[in-house]
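Step one of this worksheet: look at the structure below.
The values are calculated or read from the model by the stated rules, or taken from the named source; none is laboratory data. Please read all numbers here as calculations on a predicted model, not as lab measurements. Glycine gets a Cβ as well: all are built from the backbone with ideal geometry, and neighbour counts include every protein chain shown. Each accessible area value is taken on the protein alone, full model and side chains, heavy atoms only, with ligands, DNA and RNA left out. Shrake-Rupley method; radii C 1.70, N 1.55, O 1.52, S 1.80 Å.
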Amino acid sequence: MKRKIPFHIMTASILCILVIVLVVVLTMIFSQAREAEPIYPGKGVTDVRMLSDWFPKLKGTNGDTEVYILDSGVKGSSMLVLGGTHPNEPAGVMTAIMLIEYCQPESGVLFVIPRANNSAFTCTDPQEAAPMKYYIDTDNGTRWFRFGSRATNPTDQWPDSEVYVHASSGQQLSGSETRNLNRAYPGREDGNFTEKIAFGLTELIKRENIQITVDLHEASPEYTTVNAIVAHEKALDLANLTLWMVEDSMKITVEASPTNLHGLSHRELGDSTNTLALLMETANASQGRLHGRMDSDLVVTGKDKFYTRAYGYGALNVDYPADGISLSERCARHITCVKEFCSMYEGEAGLISLGNLPSYDEIIDQGIGHFLKDPQ
């Protein structure tokens with residue numbers, strides 16, 4: 001006679017199996033989140049280094065990240081372009097990748113970091129239902145890109161304090177800002193994980209004598225500072241000259257960096273280094289609070305009926321057509337201004353000229369995917 005397995009033992013066994021399966025699935029998802037999208041360096045890239053080359057304490061950590069160097073071989077000035085300070089602002093990331101894959105400088109040196117806060121690419125913001133990836137069609141196939149978080153992954157830096165105190169200024173902010181790279185500048189050699197990333201970036205700028213630093217961002221369409229260039233006072237002339245050159249293509253404003261708000265790249269890098277520090281914001285529906293379903297399509301097309309409706313009510317600070325504000329349009333803004341920053345800059349070290357870059361209209365007409373490498 002077979003002995004019958006008690007119900008409670010059978011139930012416990014099934015639950016254990018389900019827990020094991022869940023742990024395996026979550027482990028796979030966790031591991032996949034640390035896989036970076038492939039980047040295919042173009043002809044202009046002459047070297048690829050790591051941020052830890054300038055700050056060795058980052059070596060072997062999720063704060064270390066690739067630094068792409070595009071040296072024209074012709075004497076001139078230098079520029080650093082930062083994408084991925086906030087990985088949930090994809091126009092900055094995609095602009096940096098396009099520069100890496102497409103740009104061929106004609107004078108000077110261009111440094112590009114597409115994943116400034118590498119750690120923040122390995123997670124998404126809680127309770128936002130954000131996709132882990134978004135997809136862009138190129139002329140030869142579809143490529144995927146990581147959609148991350150505004151802040152450093154908590155597995156790399158935890159717990160958050162109740163109040164975040166910016167080290168060099170004593171400014172107090174919400175505790176969650178302790179993992180925001182754009183509140184951590186100029187960073188600290190022995191600070192927390194995010195401050196160390198900021199310190200590494202500051203060291204790169206100092207040691208390479210970077211003349212212009214551009215930090216690429218996005219903001220919600222209802223935000224006050226959007227479709228704007230934010231400039232340190234040393235960089236205001238350059239920002240205004242650029243504004244005059246691009247205003248036929250786009251509506252854009254210039255904002256002065258607040259002197260009483262610390263930790264941001266345009267404030268602290270301008271104060272603590274010789275670089276002309278600038279930050280750019282474009283209007284991104286996936287950044288805001290009014291959008292509908294959050295998915296790859298929203299990230300790439302920017303098309304959202306709720307934002308179009310809000311624009312009709314006068315609730316936004318930008319024009320928001322029914323077709324949305326696409327990732328291609330947002331990248332076109334960034335690329336166009338980055339080119340003009342170089343064109344308008346006249347430094348003692350000489351000119352910096354970024355060759356082989358499309359115009360604003362060409363990016364709008366052909367799409368950002370046209371200017372990315374073949375995924376094969």
Output the residues belonging to region 131-157 that are in a loop (DSSP other than H, G, I, E, B), surrounded by 20 or more Cβ atoms within 10 Å (Cβ to Cβ), out of contact with any Cys (no Cβ under 7 Å at 6 or more places or on another chain) and not charged (D, E, K, R).
Phe147, Ala151, Thr152, Gln157
Tabulated pairs, region 360-376, first more than 19 Å from Pro114 (Cα to Cα) and assigned to a loop (DSSP other than H, G, I, E, B), second open to solvent by 70 Å² or more (accessible area, probe 1.4 Å) and at pLDDT below 95, C-beta under 7 angstrom, 6+ apart or interchain:
Gln376/Asn140
Hits in region 192-203 - residues which are in a helix (DSSP H, G or I) and open to solvent by 30 Å² or more (accessible area, probe 1.4 Å):
Phe193, Lys196, Phe199, Glu203
Residue that is nearest to Val74 (Cα to Cα), among those in region 1-51 that are among the polar types (S, T, N, Q) and modelled with pLDDT of 65 or more:
Thr46
For residues that are buried (at least 19 other Cβ atoms within 10 Å of the Cβ) and over 17 Å from the mean Cα position of the chain (by Cα), tally how many sit in region 168-191.
3
Where in region 204-322 are the strands (runs of 3 or more DSSP E), entirely inside, with at least 3 residues that are open to solvent by 10 Å² or more (accessible area, probe 1.4 Å)?
253-256
Picked from region 306-325 (must be in contact with a Ser or Thr (Cβ under 7 Å, 6 or more places away or on another chain) and touching a residue at least 40 places away in the same chain (Cβ under 8 Å)), the residue farthest from Lys234 (Cα to Cα) is Tyr320
Out of (1) closer than 27 Å to Thr242 by Cα; (2) free of Cβ contacts under 8 Å to residues at least 24 places away in the same chain; (3) in a loop (DSSP other than H, G, I, E, B), what's the single condition that is false for Lys339?
(3)
Any idea which of Thr122, Thr138, Thr155 is over 25 Å from Ala231 (Cβ atoms), in contact with a strand residue (DSSP E or B) (Cβ under 9 Å, 6 or more places away or on another chain) and of a type in the set (Ser, Thr, Tyr)?
Thr122
Out of curiosity, is Val81 open to solvent by 20 Å² or more (accessible area, probe 1.4 Å), touching a strand residue (DSSP E or B) at 6+ places or on another chain (Cβ under 8 Å) and either part of a loop (DSSP other than H, G, I, E, B) or on the phi < 0 side of the Ramachandran plot (or both)?
no
Whichever residue in region 342-359 is in contact (Cβ under 8 Å) with a residue 12 or more places away in the chain and assigned to a loop (DSSP other than H, G, I, E, B) and, among such residues, is farthest from Cys103 (Cα to Cα)
Ala349
I need the full set of residues from region 85-114 which are over 19 Å from Lys43 (Cβ atoms) and outside any loop (DSSP other than H, G, I, E, B), in order please.
Pro90, Ala91, Gly92, Val93, Met94, Ile113
Check region 48-67 and report whether any residue there is surrounded by 15 or more Cβ atoms within 10 Å (Cβ to Cβ), over 19 Å from Gly187 (Cβ atoms) and either charged (D, E, K, R) or free of Cβ contacts under 8 Å to residues at least 60 places away in the same chain (or both).
no
